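Engineer: Can you read through this structure? Questions will come right after.
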């Protein structure tokens, strides 16, 4: 892998996965970023961390399947229980299954 252009030195992934799609995506992200620099928390299996990481060096990601076009309540509750971070960077990645209901949903 080539040198990373990311200004972040560590990645924290909070993953909720039912069938494994979100967990697979998290694993691929961890491989690309570097497993030694990635901390993965399984939502529902582990509680949120009690201490906030140092700001600036960390990017936090939430990966989950969509439930009714939004995040499942367990993910929202987990995010609300995280310690506050001032000026933190974060992203969300919502996965969905490949079901085709016969029409395109926006």
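Engineer: Looking for something surrounded by 11 or more Cβ atoms within 10 Å (Cβ to Cβ), at pLDDT below 70 and at positive phi - is there at least one such residue anywhere in region 55-66?
Structural biologist: Yes, there is a match, as at least one residue in region 55-66 is surrounded by 11 or more Cβ atoms within 10 Å (Cβ to Cβ), at pLDDT below 70 and at positive phi.
Engineer: Just need a number here: residues in region 10-38 that are over 11 Å from the mean Cα position of the chain (by Cα) and over 19 Å from residue 82 (Cβ atoms).
Structural biologist: Residues that pass the stated criteria total 13.
Engineer: So which residues in region 13-26 are assigned to a helix (DSSP H, G or I) and farther than 23 Å from residue 88 by Cβ, if there are any at all?
Structural biologist: Listed by number, the residues that qualify are 21, 23, 24.
The values are calculated or read from the model by the stated rules, or taken from the named source; none is laboratory data. Remember, it's a predicted structure, so these values are computed and weren't measured experimentally. Reconstructed Cβ throughout: ideal geometry from the backbone, glycine too, with neighbour counts over all protein chains shown.
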